[in-house]
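What follows is a set of notes on a single structure, which appears directly below.
Every number here is computed from the coordinates shown, using simple stated rules; none is lab data. Because the structure is a prediction, the values reported are computed rather than measured. For neighbour counting, all protein chains shown are included, and Cβ atoms are generated from backbone atoms with ideal geometry for every residue, glycine included.
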Amino acid sequence: MKKKLGIILAVVATAVISIVSLVGCGPVKGLPAQIDALLAVKSGQSDIAIIDSTMANYLINVQKSDSVQGLSIATIEGFDDLTVTEDYGVAAQKDKTKLRDFVSYALYQSTQNGIYQSIVDKYELNAVKIDIAKVENFPADWQTQLIKQGEITIAYTDNPPMGIKNNEVITGFDIDLAKAIFEPLGITVKTKEIVWGSKEMELNSNKVDLVWNGLTITDERKETMAISNPYLQNKQAVVVKTENLSKYTKIADLKGAKIAVEEGSSGQTTADALVKAIKKAK
């Protein structure tokens, strides 16, 4: 998988330069995917990327992909937003609360039968696993209705280790967990790659049933989507070229820096906060 992922990222890198020049304004550039943000730094089009620490750690420290060689996770002194813990949840359309509740029930059950832990181990995510809230039961009649539906479509982005695209083979923590939950019920799991900034539109147009791809739970998102109980934790991470680790150590060092993020992500929210902090820094 490492070799295939490296090839894919290398191909994506060739398109990043033109993407960065077209999307976003000011110091923060919004890109279609977090991988694009990483590769913008690698190509020199941006100075830092702010992405999920789950992805940054997986690609840089666990996978050690050739395509992100030369990138490191930086510590920015005084920027407390990077220490804030986020919770990942699974999102359904706002009015599909029973589907949301079933996912919460199934997530808890996956901790009882060992499925959750086995997938955590597979992707080396023990540091961010959580005790999923206990859900006692779920209406049998609705579960029967779900089974009759026969299939469910999961929205994902190429976001290792949550969603990993190797040619036409889609794997990753979230994809594997979804399949482990639905397939034993005879429900086929289909996947649809999306642009993260359009996730609400994908749900509301019924193109997908669930957004299951490292979605950070926020009050704002709860207003537009029905979100499950948390199943994994995350933080935001700043990624720079390894050669610049000593250059970027505190907020003031980032004055004039170009920041790459995934459009509509928590990384973008963190980047906006960082820009404000930079303006105040002496």
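If I build a Gaussian network model for the chain, linking alpha-carbon pairs within less than 10 angstrom, which residue out of Asn244, Asn113, Asn204 has the largest mean-square fluctuation?
Asn113
How long are the three semi-axes of the equivalent ellipsoid of the range 238-282, in whole Å, if each is the root of 5 times an eigenvalue of the C-alpha gyration tensor, listed from largest down?
Values: eigenvalues 64, 44, 10 Å².
For the range 238-282, the ellipsoid semi-axes come out as 18, 15, 7 Å.
Counting DSSP beta bridges in the chain, what percent are antiparallel, to the nearest 5?
Numbers: 24 of 39 bridges.
Looking only at bridges with both residues in the chain, the antiparallel portion is about 60 percent.
When only alpha-carbon atoms are used, what values of Rg and Dmax, in angstrom, describe the chain?
According to the Cα coordinates of the chain, Rg and Dmax are 18.9, 62 Å.
For Tyr88, what charge total do you get from the other residues with a beta carbon under 12 Å from its beta carbon, if Lys and Arg give +1 and Asp and Glu give -1? The partial results should precede the final answer.
Details: positive: Lys129, Arg221, Lys235; negative: Asp52, Glu86, Asp87, Asp174.
Charge balance in the 12 Å sphere: -1.
Report the GluC sites (Glu not before Pro) located in the range 207-282 that are in a DSSP loop and have at most 12 other Cβ atoms inside 10 Å of their Cβ, or state none.
Loop-located and lightly packed - Glu223.
Where is the GNM fluctuation largest for the chain (alpha-carbon springs, 10 angstrom cutoff): Phe138, Phe173, Phe102?
Most flexible of the set in this elastic network: Phe138.
Pick out which of Asp219, Asp131, Asp87 has the largest mean-square fluctuation in a Gaussian network model of the chain, springs linking Cα atoms closer than 10 Å.
Asp219
Quick check: Cα centre of the range 78-97 to Cα centre of the range 212-243, how many Å?
Measuring centre to centre over Cα atoms gives 4 Å.
Using DSSP to call loops (not H, G, I, E or B), can you name the GluC sites (Glu not before Pro) in the range 59-146 whose Cβ has at most 15 other Cβ atoms within 10 angstrom?
Values: sites: Glu77, Glu86, Glu124, Glu136; in loops: Glu124, Glu136.
Sparse-neighbourhood loop GluC sites (Glu not before Pro): Glu124, Glu136.
Summarise the long-distance tail of P(r) for the range 171-259 by giving the % of C-alpha pairs beyond 23 Å. Each step should come with its number before you reach the end.
On the way: 1766 of 3916 pairs.
Roughly 45 percent, rounded to a whole number.
Roughly how big is the chain's charge dipole about its Cα centre, with Cβ charges of +1 (Lys, Arg) and -1 (Asp, Glu), in debye to the nearest 20? Walk me through the numbers before you get to the answer.
Numbers: 32 positive and 34 negative charges, 132 e Å.
Rounded to the nearest 20 debye, it is 640 debye.
Which one of Ile278, Gly214, Ala260 is farthest out on the positive end of the charge dipole of the range 164-282, using unit charges on Cβ (Lys, Arg +1; Asp, Glu -1) and the Cα centre as origin?
Final value for the positive-end residue is Ile278.
Helix 140-149: angle to the longest alpha-carbon principal axis of the chain, degrees 0 to 90, nearest 10?
Taking Cα atoms only, the helix is inclined about 70 degrees.
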